[in-house]
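First the structure, in the form of structure tokens, and then the observations on it.
Rule-based calculations on the coordinates, nothing more; no lab input. A quick note: this is a predicted structure, and the numbers were derived from the prediction, not measured. Here the Cβ positions follow ideal geometry from the backbone for every residue, glycine too, while neighbour counts run over all protein chains shown.
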Amino acid sequence: MNNSFDYNICNSSFSFLKVRTIKVEKRINEIVNRLNKTKVERKPDLKAEREAISAAEKAERKAQLRDKKRREEMERLDKEKQADIRSYKGLMVQEKMTSNKQIASGSKTLQELEEDFM
């Protein structure tokens, strides 16, 4: 490819210099025969290959989507557990609550209960 200074920007031209030809005096059939033995000609079924590739890609995408959904579900459950741990639901149970009337009607007085607390 030749560029010179008198060309405009982005303009170039192609010039092919010399083409060299080499004359082989004698053809070596041993090499040609060995090449022909390893030669494999096949006519592939391009449509079937493309369908197989598409099916494999689709299965991979489905597996990735399933994994993503499973991870999101696990994250959601983990967030719910963390929210339950942070909430006061476990502390505010009716069986554990006592009122002042229940304390007053009990055998211990309020001062005794305060002393036991300390």
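Values as computed for the structure displayed
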| quantity | calculated |
| --- | --- |
| Full-stretch length increase - ILE28, TYR88 - with 0.36 nm per residue and alpha-carbon distance subtracted | 12.4 nm |
| Nitroxide proxy distance, nm - points 7 Å out along Cα→Cβ at GLU112 and LEU46 | 9.7 |
| Low-density loop cleavage sites - GluC sites (Glu not before Pro) in the stretch 39-118, where at most 16 other Cβ are within 10 Å (DSSP) | GLU41 |
| Partners for LYS68 among lysines (Cα-Cα distance below 22 Å; same-chain residues under 8 apart left out) | LYS58, LYS79, LYS81 |
